[in-house]
2 protein chains.
Amino acid sequence: MTVALLTDKYELTMLAAALRDGTAHRQTTFEVFARRLPEGRRYGVVAGTQRFVEALGQFRFDDTALATLDFLDDATLAYLADYRFRGDVDGYAEGELYFPGSPVLSVHGSFGECVILETLVLSIFNHDTAIASAAARMTSAAAGRPMIEMGSRRTHEQAAVAAARAAYLAGFAGTSNLEAERRYGVPTMGTAAHAYTLLHTTAAGPDEQAAFRGQVAALGTDTTLLVDTYDITTGVANAIAVGGTELGAVRIDSGDLGVLAGQVRTQLDGLGACSTRIVVSGDLDEFAIAALRAEPVDSYGVGTSVVTGSGAPTASMVYKLVEVDGIGVAKRSSLKESHGGRKQALRLAKASGTIVEEVIHPYGQPPPTPSGLTARTLTVPLVTGGEPVSDATPAAELSAARERVTAGLHSLPWDGLKLSRGEPAIGTRMVPAQDR
Amino acid sequence: MTVALLTDKYELTMLAAALRDGTAHRQTTFEVFARRLPEGRRYGVVAGTQRFVEALGQFRFDDTALATLDFLDDATLAYLADYRFRGDVDGYAEGELYFPGSPVLSVHGSFGECVILETLVLSIFNHDTAIASAAARMTSAAAGRPMIEMGSRRTHEQAAVAAARAAYLAGFAGTSNLEAERRYGVPTMGTAAHAYTLLHTTAAGPDEQAAFRGQVAALGTDTTLLVDTYDITTGVANAIAVGGTELGAVRIDSGDLGVLAGQVRTQLDGLGACSTRIVVSGDLDEFAIAALRAEPVDSYGVGTSVVTGSGAPTASMVYKLVEVDGIGVAKRSSLKESHGGRKQALRLAKASGTIVEEVIHPYGQPPPTPSGLTARTLTVPLVTGGEPVSDATPAAELSAARERVTAGLHSLPWDGLKLSRGEPAIGTRMVPAQDR
């Protein structure tokens, strides 16, 4: 299936106009960046890079696609029929932190080959980055307790797969989404819902123990039994009566989770089920997760909040033309000023590893590193001459990105990990081009 | 491509347990409804129905899918290999309004065949309904002026296609998304972005007129020129200098749109371009659109706000087991009480057409209509014996749904159209089953 029609019409009308007046072949750089973080956020996590590199290889106009483009002239259709991206892409490795102005991706090539990628680039980065950025806050709030992403039902069915990947990238232990495991190797988890318990209702009434027996028989004693369909105290008693004291876990999906977790822990311990874990779910976000830190919770199921970016469902990244035939260009409208020219970025850190500043500088002109600080180059090659630089599997790429998120969170100053609204954790310094 | 893996793992483990203990073949009804509207919303618009009916026909487990399900026993894998949905579905026609508790979809069949649809049903309805519900508020705010959906870049690339469809369903005139036209016949629109103007920069500096000349040469005088890349007053002068007084439109994408629209209208009229239209875009939501009612704006381009549901990116619909072998079932947890039993719904209206109440009643037991009111049945058959009831094309379905939204907005009491936060426009009355 082609991804080339996942594109705004104006990309192709611009191409048509540029082919006609001869400007389509000018050499350009387009840059992906966010002018700001979502309100009050202190950092963001770059995600989507690998999905974009993969999509780039599929960005071709087949006959079916071309047949729908009857608003274009023959020269443009011929250009699209031959199209494949042959340029270069560099940018932040997936999983890196980003801040306002960070040039997270730069696409280099002719105007024609770069401009038509805009919509797809931004769809992928704006979605995946929004999810990963929210998920990373939950990861730091969970302080080492595992989280399962289970929000597929709260977002578009294909967005759900990408969301599962982005949440895993940002520290979640796994997902409920089967396609995310097939496509990206994200571990899947999950046992049963209230429907399974309710199913075991007969003319004689509900029968929670029958449901638990059925589940344990099929899935084993290490399963997680959902105990809040009727009465939680009875549910826990039924769970241990059926599963025994070696039962894997119980899940609570409603009510005051902090209070209930404490009560259930006491009840489980009293029944001798000291190793039976407690899973909680139900409208959890990073704040609710942080509030449960002191409670005897073993893991979290997180749905709506993570797949909708916890209040920031899009990362507001833009794809801007910054250079034409070596000349820096920029829009000059109020409040939306862009900085022209191809760029790269460095992140400065103290000897302890704590980051202090991000420096964005003209391509090939890194500024001197202040004494006492180390500088790490953030911009790495991703695509050269249209071909991906890495030949790692999607699962290996994802694993490497996951490690970058862990390292990134460790590198933040203390203030950067606060969940409350605040300023970006570090400042961004833009070094002007020497010829400007 | 199968959609069957767009599913939570626990649907399949529940199926395995139910097959093993013999309950998988019990006859069930699952119901899709929202316990509440997004905070402060006065109505919602049902969307996703047609996409779900289409997906249902593709919900099959092929060998590739089955090979990934190594956590299931052989009996469950054999069940899935043979799986196709053979039950019935009824619900609200797409484009109907809905309120808290409205049974927007009911799925009838064996537990096994119904339970595994949960994730896909909800992904589709929660996404599409969130977008359509936000879009309908924009439609009423725009008061007849056309709106273009152009938010593809702010959401997942496949969600973008569904969002374009949902926005069109709810009254938008078209979309920027090419795939939405190919797949659903949504009209596409769009001409050029700032990149095209910036591209016409040379060593001598920017050349806005060259860009405009290129666009008019390729797209004709009826095109829309984007006039805010540099200075708007100069941009408008350049646009008319190049396009003449018959120029189709100018677009303003930044700044105080109300003030600028007035200034640009005066300037255009002064230049004799009295029929040149003004398109505005840039962070518009329903409130910004309403605030521009008095200004000389001809059409709106709407992006982020519509594709993210304008603050409510998911509709919070749930898929609940409500009946097993003819017995109503319901979860009994605090704050999440469900109402058991298969249901249907009526909407009561005054002779003027203004709606006054929604009545949800047990299947086949409609209550008497109060005198002076008319009752319209909302629940219609959608799938019978696994086959779609309608054989209309996707475009025809969409067109009919669009008309339902228009009729629905006309049927609301005045208060229901207020953009401010408030209560649902009409109340929902739940008629208990006679045997309960």
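The values are calculated or read from the model by the stated rules, or taken from the named source; none is laboratory data. Worth saying up front: this structure is predicted, and the values here are computed from it rather than measured. Positions of Cβ are backbone-derived with ideal geometry, glycine not excepted, and every protein chain shown enters the neighbour counts. Just so you know, the surface numbers come from the protein's heavy atoms only, side chains and all, with ligands and any DNA or RNA stripped out. Shrake-Rupley method; radii C 1.70, N 1.55, O 1.52, S 1.80 Å.
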Every pair of residues 6+ apart whose Cβ atoms lie under 8 Å, when the first sits in the range A:1-21 and is on the phi > 0 side of the Ramachandran plot while the second is open to solvent by less than 10 Å² (accessible area, probe 1.4 Å): none
A:VAL259 under 22 Å from A:GLU149 (Cβ atoms) and either open to solvent by 70 Å² or more (accessible area, probe 1.4 Å) or outside the structural domain of A:LYS418 (by TED's automatic domain parsing) (or both): no
The range A:4-24, residues that are more than 7 Å from chain B (Cβ to nearest Cβ) and open to solvent by less than 20 Å² (accessible area, probe 1.4 Å): A:ALA4, A:GLU11, A:LEU12, A:LEU15, A:ALA24
Breaking point among (1) assigned by TED's automatic domain parsing to the domain that holds A:PHE287; (2) open to solvent by 10 Å² or more (accessible area, probe 1.4 Å); (3) in contact with a helix residue (DSSP H, G or I) (Cβ under 6 Å, 6 or more places away or on another chain), for A:ALA166: (2)
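Do you know which residues across the range B:197-213 are facing chain A (nearest Cβ under 8 Å) and either more than 21 Å from B:GLU246 (Cβ to Cβ) or in contact with a Ser or Thr (Cβ under 7 Å, 6 or more places away or on another chain) (or both)? Break it down stepwise before answering.
So the first thing to find is which residues in the range B:197-213 are facing chain A (nearest Cβ under 8 Å), and the list is B:198-203, B:206, B:210, B:213.
Result: B:LEU198, B:LEU199, B:HIS200, B:THR201, B:THR202, B:ALA203, B:PRO206.
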Qualifying residue in the range A:404-415 (condition: among the acidic types (Asp, Glu) and open to solvent by less than 70 Å² (accessible area, probe 1.4 Å)): no
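Name the single residue that is farthest from A:GLU387 (Cα to Cα) among those in the range A:60-76 being crowded, with 19+ Cβ neighbours inside 10 Å and more than 9 Å from chain B (Cβ to nearest Cβ).
Looking at the filtered set, the residue picked out is A:LEU72.
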Members of the range A:146-173 that are farther than 13 Å from A:VAL306 by Cα and either in contact with a Pro (Cβ under 6 Å, 6 or more places away or on another chain) or within 7 Å of another protein chain (Cβ to nearest Cβ) (or both): A:HIS156, A:GLU157, A:GLN158, A:ALA173
The range B:214-254, residues that are farther than 26 Å from A:LEU72 by Cβ, of a type in the set (Val, Ile, Thr) and facing chain A (nearest Cβ under 9 Å): B:ILE232
Whichever residue in the range A:311-327 is at pLDDT 95 or above, in a strand (DSSP E or B) and open to solvent by 20 Å² or more (accessible area, probe 1.4 Å) and, among such residues, is farthest from the other protein chains (Cβ to nearest Cβ): A:GLU323
Residue check for A:THR276: open to solvent by 10 Å² or more (accessible area, probe 1.4 Å) and at pLDDT 95 or above: no
Complete set of residues in the range A:221-242 that are open to solvent by 10 Å² or more (accessible area, probe 1.4 Å) and touching a residue at least 24 places away in the same chain (Cβ under 8 Å): A:THR221, A:ASP222, A:THR224, A:TYR230, A:ILE232, A:THR233, A:THR234, A:ALA237, A:ASN238, A:ILE240, A:ALA241, A:VAL242
Candidate set from the range A:279-310 (those that are among the acidic types (Asp, Glu) and either surrounded by fewer than 19 Cβ atoms within 10 Å (Cβ to Cβ) or facing chain B (nearest Cβ under 10 Å) (or both)); member that is nearest to A:ALA193 (Cα to Cα): A:ASP283
Failed item, numbered, when A:VAL250 is tested on (1) farther than 18 Å from A:ALA143 by Cβ; (2) without any contact (Cβ under 8 Å) to a residue 40 or more places away in the chain; (3) not in a strand (DSSP E or B): (3)
Qualifying residue in the range B:216-223 (condition: part of a loop (DSSP other than H, G, I, E, B) and either at pLDDT below 95 or within 17 Å of the chain's Cα centre (by Cα) (or both)): no
Residue check for B:THR191: assigned to a loop (DSSP other than H, G, I, E, B), within 10 Å of chain A (Cβ to nearest Cβ) and under 29 Å from B:ASP285 (Cα atoms): yes
Residues of the range B:84-132 classified as of a type in the set (Ser, Thr, Tyr) and in contact with a helix residue (DSSP H, G or I) (Cβ under 7 Å, 6 or more places away or on another chain), total: 2
Some residue of the range A:84-102 being within 14 Å of chain B (Cβ to nearest Cβ) and open to solvent by less than 50 Å² (accessible area, probe 1.4 Å): no
Residue in the range B:342-362 that is within 22 Å of B:ALA136 (Cβ to Cβ) and among the basic types (Lys, Arg) present: yes
